[in-house]
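S.K.: One structure coming up, written as structure tokens, with questions to follow.
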Amino acid sequence: MEYILSVVLFAISSSVTPGPNNIMVMTSGLNFGVRKSIPLLSGICIGFALMLLLVGLGFAQLFNLFPGLNLLIKVAGTLYLLYLACLIARSGTVGQSGRHAQPFGFIKGVLFQWINAKAWVVAIGAISAFTTVGDQFTQQNLTIATTFLIVSFPCVGVWLMFGSILRRYLDNVTYMRWFNLCMAALLIISVLPVISEIIVSYAG
């Protein structure tokens, strides 16, 4: 019971805190509403649980065999996140978003986990902290992935609801523009530690 409680608390703290996933979901909720953003929310939550399973099955060992792969994923992921920040910053009003754009769907939510630096840190940290070598490893891996799958829906969903609530008050060109600029800035800030790590890697 103590083990489950520890995993649950870790899952809650890492899922509800600000990061690329939550910023994307909140922005989608504001621009497109809850219903149209459900596929993105589902893709993020299910995609991360799947990522946890694969990391637990030894996917992370590829980084030991191919050290350059880790840096490549970080560079590609950072560039993509900066691209998303530009798209968010250029978004228009709620009405314009509904007519001229479409929210990210389920598949993009799943694939996004593999270039999300925070997702990698949380996944590797969870497997390292809550698994032990031996017969129980597979069961522990499944427990961690299932826990994150269950916990992440309400934790990330809070950000979606918050974005949807703001939608009622930001149907104004100026307010909407400032909100999108702030979200773009937060997304850029969230990848600054990864950018610093990439610079250090190249400098070394």
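The values are calculated or read from the model by the stated rules, or taken from the named source; none is laboratory data. What you see is a predicted model, and the numbers here were worked out from it, not measured in a lab. Positions of Cβ are generated from backbone atoms using ideal geometry, with glycine treated the same way; all protein chains shown enter the neighbour counts.
S.K.: What are the residues in the stretch 164-186 that are in contact with a Leu (Cβ under 6 Å, 6 or more places away or on another chain) and not aromatic (F, W, Y), if any?
M.R.: L166, R167, M176
S.K.: Just one of (1) loosely packed, with under 14 Cβ neighbours inside 10 Å; (2) within 21 Å of the chain's Cα centre (by Cα); (3) of a type outside the set (V, I, T) trips up R168, so point out which.
M.R.: Condition (2) is where R168 drops out.
S.K.: Further, regarding this structure: Within the stretch 1-47, count every residue that is over 30 Å from Y175 (Cα atoms) and aromatic (F, W, Y).
M.R.: 2
S.K.: For residues that are within 16 Å of S152 (Cβ to Cβ) and either free of Cβ contacts under 8 Å to residues at least 40 places away in the same chain or among the basic types (K, R) (or both), tally how many sit in the stretch 21-37.
M.R.: Here the count works out to 0.
S.K.: Let me ask another. Please count how many residues of the stretch 1-26 are closer than 20 Å to C182 by Cα and over 13 Å from the mean Cα position of the chain (by Cα).
M.R.: The qualifying residues number 0.
S.K.: Moving to a separate point now. Does V151 satisfy being surrounded by 19 or more Cβ atoms within 10 Å (Cβ to Cβ), within 25 Å of A11 (Cα to Cα), among the β-branched types (V, I, T) and modelled with pLDDT under 85?
M.R.: So V151 fails the test.
S.K.: Which ones in the stretch 150-168 are out of contact with any helix residue (DSSP H, G or I) (no Cβ under 8 Å at 6 or more places or on another chain), part of a helix (DSSP H, G or I) and within 15 Å of G33 (Cα to Cα)?
M.R.: I165, the sole residue that qualifies.
S.K.: For a quick check of your reading: which helices (runs of 4 or more DSSP H) sit entirely within the stretch 61-107 and have at least 1 residues that are at pLDDT 75 or above?
M.R.: Filter on the stretch 61-107 gives 61-65, 67-89.
S.K.: Suppose the filter is part of a helix (DSSP H, G or I), under 27 Å from L57 (Cβ atoms) and not polar (S, T, N, Q); does W120 pass it?
M.R.: yes
S.K.: Can you pull out the residues in the stretch 140-176 that are more than 30 Å from S128 (Cα to Cα) and in contact (Cβ under 8 Å) with a residue 60 or more places away in the chain?
M.R.: M161, F162, G163, S164, L166, R167, L170, D171, N172, V173, M176
S.K.: Using beta carbons and a limit of 9 Å, which pairs, at least six apart or on different chains, have the first residue in the stretch 69-82 and of a type in the set (F, W, Y) and the second one surrounded by 19 or more Cβ atoms within 10 Å (Cβ to Cβ) and part of a helix (DSSP H, G or I)?
M.R.: Y80/F112
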